[in-house]
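One structure is given here, and the rest of the page talks about it.
The values are calculated or read from the model by the stated rules, or taken from the named source; none is laboratory data. Owing to the predicted nature of the structure, the values given are computational and were not obtained by experimental measurement. Because the Cβ atoms are built from the backbone with ideal geometry, glycine has one as well, and the counts that use them run over all protein chains shown.
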């Protein structure tokens, strides 16, 4: 992966957030008052682009924390979200 671009919608100023890999992962964290759609373009080193989308609902946070009890995300508030894409 070369970099990823995340678009979260009008509540984030209709901005595109560009993220680069850190330790083989690309991601971002955010806070929100309600569910939202995240659209992501992952730019690969060979020049190709993968488009992803995900509906973010914070009710899944408790489920994730139960499945990953040692995750650093456990320290986030229930209204936080961490998005990441692996190699």
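Sub-6 Å Cβ pairs linking a first residue in region 9-30 that is within 19 Å of residue 49 (Cα to Cα) to a second residue that is loosely packed, with under 13 Cβ neighbours inside 10 Å and at pLDDT below 90, at least 6 apart or interchain, are 24/87; 25/86, ordered by first then second residue. I'd like to check something: does region 23-32 contain any residue that is at pLDDT 70 or above, surrounded by 15 or more Cβ atoms within 10 Å (Cβ to Cβ), touching a strand residue (DSSP E or B) at 6+ places or on another chain (Cβ under 7 Å) and farther than 22 Å from residue 3 by Cα? Yes, some residue in region 23-32 is at pLDDT 70 or above, surrounded by 15 or more Cβ atoms within 10 Å (Cβ to Cβ), touching a strand residue (DSSP E or B) at 6+ places or on another chain (Cβ under 7 Å) and farther than 22 Å from residue 3 by Cα.
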